[in-house]
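Chemist: To start, I am sharing the structure in question, which I have written as structure tokens.
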Amino acid sequence: MSDILKVGKYEFTSRLIVGSGKYPDFKTTRDATLASGAEMITVAVRRVNITDPNEENLMDYFKDTGVQILPNSAGCTTAEDAITLFRLVKEATGIDIIKLEIIGDTAKTLYPDVLETLKACEVLAKEGFTIMAYTNDDPIMAKRLENAGAAAVMPLAAPIGSGLGIQNRYNVVFIKDAVNVPVIVDAGIGTASDAAVAMELGADGVLTNTAIAQSKNPIAMAEAMKYAVMAGRMAYKAGRIAKKPYATASSPLEGLIEF
């Protein structure tokens, strides 16, 4: 309880966030989420129902679980689209913590359009939303998003769904140094070791979806992610040893017994 993740006015004990896409059904989504220990699940509102009570609704599966629904704007390609979407979501559900995600290249890389993201962030922050902004791994843009009102920045590790892991470890560190809001590594996580690396680099949290949902055993992988994030966080706080080009003896050379 002493190591709380604070995102705006919200507080979480878990530093793992999971997604809700690519699962075979809502039950598996719920079971994997609970196994992960995550307290937030992000939902692509344009693809997964959380607003229509007449259709199967993901929110019904998370009643009384304590897991926070985190609507995202996946599928939006302009600031105007995202702003309209989140206004409707807030009106329908009352949820004001959001993942702002505006994609610039929908054909191949799914990279974010950071300029449109910045525009939307400025508007939504003024309207009282708690914004977690998906972005590229650029410390300059991360700082601009923070200045625009983002409560957290979410740099990609690699292209969405690629499973490549963190491709630029230095930039995670640079972003962490640049901003004063939480840094949540998002997109490209492939397995538990990738999540651990992100946390060891100093990230405040990790978001992963495909790595869990499309694994051979989503429940087991969700639990593996849980412990990887915890272990990575503990290692970061413990402080790793410095890297050296040559060996260092574990035992001192002074005072050796002479033969």
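Chemist: Sort out for me the strands (runs of 3 or more DSSP E) sitting completely within the stretch 1-93 that have 1 or more residues that are of a type in the set (Phe, Trp, Tyr).
Modeler: Where strands (runs of 3 or more DSSP E) fall fully within the stretch 1-93 and carry at least 1 residues being of a type in the set (Phe, Trp, Tyr), they are 10-12.
Chemist: Something else: Just to be sure I understand, how many residues within the stretch 81-92 are free of Cβ contacts under 8 Å to residues at least 40 places away in the same chain, surrounded by fewer than 16 Cβ atoms within 10 Å (Cβ to Cβ) and out of contact with any Cys (no Cβ under 9 Å at 6 or more places or on another chain)?
Modeler: So the count comes out to 2.
Chemist: From the set of residues in the stretch 211-249 that are among the basic types (Lys, Arg) and assigned to a loop (DSSP other than H, G, I, E, B), which is nearest to the chain's Cα centre (by Cα)?
Modeler: Of everything passing the filter in the stretch 211-249, LYS216 is nearest to the chain's Cα centre (by Cα).
Chemist: Separate question: Is it true that THR51 is closer than 23 Å to LYS216 by Cα and among the hydroxyl-bearing types (Ser, Thr, Tyr)?
Modeler: no
Chemist: Would you mind stating whether GLU101 is free of Cβ contacts under 8 Å to residues at least 60 places away in the same chain and either more than 25 Å from GLY161 (Cα to Cα) or surrounded by fewer than 22 Cβ atoms within 10 Å (Cβ to Cβ) (or both)?
Modeler: No, not satisfied.
Chemist: Among the numbered criteria (1) part of a loop (DSSP other than H, G, I, E, B); (2) touching a Ser or Thr at 6+ places or on another chain (Cβ under 8 Å); (3) of a type in the set (Ser, Thr, Tyr), which one does THR117 miss?
Modeler: All conditions pass for THR117, except number (1).
Chemist: Looking at the stretch 5-46 only, could you name the residues that are under 22 Å from TYR134 (Cα atoms), modelled with pLDDT of 95 or more and of a type in the set (A, V, I, L, M, F, W, C)?
Modeler: Selection gives LEU5, VAL7, PHE12, LEU16, ILE17, VAL18, ALA38, MET40, ILE41.
Chemist: Since PRO252 meets every condition but one in (1) surrounded by fewer than 20 Cβ atoms within 10 Å (Cβ to Cβ); (2) assigned to a loop (DSSP other than H, G, I, E, B); (3) at pLDDT 95 or above, which condition does it not meet?
Modeler: (3)
Chemist: For the stretch 48-68, how many residues are surrounded by 10 or more Cβ atoms within 10 Å (Cβ to Cβ), acidic (Asp, Glu) and at pLDDT 85 or above?
Modeler: So the answer is 1.
Chemist: Right, something else. Looking at ALA211, ALA152 in this structure, which one is out of contact with any strand residue (DSSP E or B) (no Cβ under 6 Å at 6 or more places or on another chain), buried (at least 18 other Cβ atoms within 10 Å of the Cβ) and on the phi < 0 side of the Ramachandran plot?
Modeler: Within the list ALA211, ALA152, the selection yields ALA211.
Chemist: Identify, by number, the condition in (1) over 18 Å from ASP81 (Cβ atoms); (2) outside any helix (DSSP H, G or I); (3) more than 15 Å from the chain's Cα centre (by Cα) that LEU110 doesn't meet.
Modeler: (1)
Chemist: Restricting the search to the stretch 97-124, which residues are of a type in the set (Gly, Ala, Ser) and either touching a strand residue (DSSP E or B) at 6+ places or on another chain (Cβ under 8 Å) or modelled with pLDDT of 95 or more (or both)?
Modeler: GLY104, ALA120
Chemist: Still on this structure, please answer the following. For the stretch 8-25, name all the residues that are touching a residue at least 24 places away in the same chain (Cβ under 8 Å), closer than 19 Å to ALA151 by Cα and surrounded by fewer than 17 Cβ atoms within 10 Å (Cβ to Cβ).
Modeler: Matches in the stretch 8-25: LYS9, THR13.
Chemist: Still on this structure, please answer the following. Taking the stretch 169-188, which residues are at pLDDT 95 or above and outside any helix (DSSP H, G or I)?
Modeler: Within the stretch 169-188, VAL179, ASN180, VAL181, PRO182, VAL183, ILE184, VAL185 meet the criteria.
Chemist: Quick check on my filter: what residues within the stretch 104-128 are touching a helix residue (DSSP H, G or I) at 6+ places or on another chain (Cβ under 9 Å) and of a type in the set (A, V, I, L, M)?
Modeler: Result: VAL114, LEU115, LEU118, ALA120, VAL123, LEU124, ALA125.
The values are calculated or read from the model by the stated rules, or taken from the named source; none is laboratory data. The structure presented is a predicted model; accordingly, all values stated were derived computationally and were not measured. Cβ: placed from backbone, ideal geometry, glycine included. Neighbour counts: every protein chain shown.
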